Amino acid sequence: MQVAVIGAGYVGLTTAACVAELGHTVTCVDVDISKIAMLDEGNVPIRETGLDALIDRNRASGRLQFTTDVAKAAARAEAVLIAVGTPRGAGGDADLTHVKAVAREIARAIRPKTVVTIKSTVAVGTARLIREVIAERRRGLDFWITSNPEFLREGSAVRDFFEPDRIVIGADDPEPAARLTELYRPLIDQGVPLVVTSTVNAELIKYTANAFLALKVGFINDVADLCEEAEADINAVVKGVGLDRRIGPQFLSPGPGFGGSCFPKDTEAFAAAGRKFSCPQPLIETLVTRNQTRKHQMAKRILAELHGLSHARVAVLGVAFKADTDDVRDSAALTIIPILKAAGVSVRAFDPWARANASRIVKDVAWHDDPYAACSGVDLVAILTEWEMFRTLDLSLLARHMRGSTIFDCRNLMDPHHVASQGFRYVSLGRPAVPRVAPATAAKPAGERVHLPTLRGAAVARRPVR
Ligand code: UDX
């Protein structure tokens, strides 16, 4: 199938490369001349595991090409995928400026029977709106508008494309649904569940999925706070809750507040949809507020650990909104660092991938190329992103670099008693803070685990899922 993908961002570029890998001929379009020039030279403007190789392979095979010419790409396409940005708009609704501009541009170029599908995350009812935008410019044209939301996570987008939990196609007519189904035929033949429904349902599936996932994260952050006050351990609570197959263990890791280009924007858009349709969504409204408050709360807790120390120095390890991406959009670090600096703290920082993107936003930060250099002479180390390398930091080397001895771990990457035994005060989320223990007198952790006969293999009665 001849496919045009409009937008070469995290979603568009990944989708273009993966659709080409499925065997289609894809033209990926972006208005950013420098981005297209980079891609034409074989350079990829975003970091996404496996994407470089995918782009190289499909450019070489001729199945994937790049251009800034939207009309030309749309004119030869059987399917046009709109994957341009939908940033926060006024009142929280997704801003459709770019989607509408693309619709106007392809309207003049598309051939009859072209399937136009909106991949961008858009407000409920947008597909029908965009259908009118195109129809106004091409009276009498026989084309279809559909919705095909993506569920890719940054850092695992390629894997998520080829191993999706489901494919959702929103179409108000069986013909385009059939055509889009063919686009994904290899995945469907592998057994990936296919949901074919109306465009409105498809649009709401996307927002509901993201809002619910964000709600899980926001809720476990609140449970972590409760654990600290109740002297409980969030890890044990999550394990006991997550084993319930109706809940599952994923998206139950406490953190400094969720970020990224989707959760913050999509939760606000979901709340806006509630207001727009006179069906307010107080759960999500509260989630939006609490999540932003949490980032400020984390900064205040870090400052509290400094006990008013003048000229304090803090090392921030991790500024990306999550591990395995260079994306810093709405990252907790972008809220926390300015608050630390406003309190007179000097901030050093390290992130394996996101330094370039973060340094364009947060100024007057001393950036370093390795975590230990970043921690040199600091009073406190704050871990904000769950990069695997922070889980296995050499604590004795860290101790030799630091001036103070506090680790504030906003991602619960370490074992509290081990860290304390290495001479650190260890603060994490949803677990009691553990005071530093001089290495010489490191005691066995209180309540040392009693080795129970393993249950492995024993028939564990399972409650039937109701
Ligand atoms: C999300 C959705 O997961 C994806 O399906 C959708 O297509 C786009 O939005 P993404 O934004 O890439 O993907 O990141 P995700 O892995 O969902 O994490 C979002 C935020 O929640 C990050 O800041 C992450 O650190 C945080 N998070 C996630 C937690 O704090 N705890 C968790 O357990 C999971």
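Derivation of every value follows stated rules applied to the coordinates shown; laboratory data play no part. On a predicted model such as this, the values are computed, not experimentally measured, just so you know. Methodologically, a virtual Cβ is constructed for each residue, glycine included, from the backbone with ideal geometry; neighbour enumeration extends over all protein chains shown.
Data table
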{"read-out": "Set K265/K363; K72/K265; K35/K113; K206/K265 screened for pairs whose C-alpha atoms are more than 20 Å apart", "value": "K265/K363; K72/K265; K35/K113"}
{"read-out": "Angle in degrees between helix 263-276 and the longest Cα principal axis of the chain, rounded to the nearest 10", "value": "60 degrees"}
{"read-out": "The chain, relative contact order in percent, only Cα pairs under 8 angstrom and at least six apart counted", "value": "11 percent"}
{"read-out": "Whichever aspartates and glutamates have a C-alpha closer than 13 Å to that of K341, once near sequence neighbours (fewer than 8 apart) are set aside", "value": "D364"}
{"read-out": "Candidate lysines for bridging to K239, where Cα separation is under 21 Å - those fewer than 8 sequence places away on the same chain excluded", "value": "K216"}
{"read-out": "Within-15-Å neighbourhood charge of A209 [Cβ basis; K, R +1; D, E -1]", "value": "+1"}
{"read-out": "Whole-Hz ³J(HN,Hα) from phi, Karplus 6.51 cos²θ - 1.76 cosθ + 1.60, for the range 360-373, glycine and proline x", "value": "6, 10, 9, 9, 6, 10, 8, 7, 9, 8, 8, x, 6, 4"}
{"read-out": "Neighbour net charge for V347 - beta-carbon separation under 12 angstrom, K R +1, D E -1", "value": "+2"}
{"read-out": "Low-density loop positions, GluC sites (Glu not before Pro), the range 196-232 - DSSP coil, at most 14 other Cβ in 10 Å", "value": "E231"}
{"read-out": "Likely footprinting exposure, H418, H368, fewest C-beta neighbours within 10 Å first", "value": "H418, H368"}
{"read-out": "Cβ-based net charge around R290, under 11 Å, with every Lys or Arg adding one and every Asp or Glu removing one", "value": "-1"}
{"read-out": "Likely footprinting exposure, T126, T97, fewest C-beta neighbours within 10 Å first", "value": "T97, T126"}
{"read-out": "Fully extended contour minus Cα-Cα distance, from E231 to I361, at 0.36 nm per residue", "value": "43.0 nm"}
{"read-out": "The range 1-100, relative contact order in percent, only Cα pairs under 8 angstrom and at least six apart counted", "value": "37 percent"}
{"read-out": "Between helix 332-342 and the chain: long-axis angle, C-alpha atoms, 0 to 90°, nearest 10", "value": "50 degrees"}
{"read-out": "Relative packing of peptides 392-404, 239-251, 420-432 - highest average C-beta neighbours within 10 Å first", "value": "420-432, 392-404, 239-251"}
{"read-out": "Cα-based helix-to-principal-axis angle, 10-21 vs the chain, degrees rounded to 10", "value": "60 degrees"}
{"read-out": "Hits among aspartates and glutamates - C-alpha to C-alpha of K322 under 15 Å, sequence gap 8 or more where chains match", "value": "E48, E154, D330, D351, E386, E388, D409"}
{"read-out": "Binned Cα-Cα distances of the chain, short to long, each 20 Å bin given as a whole percent", "value": "22, 49, 26, 3, 0"}
{"read-out": "Sorted by Cβ density within 10 Å, fewest first, the residues Y372, Y207", "value": "Y372, Y207"}
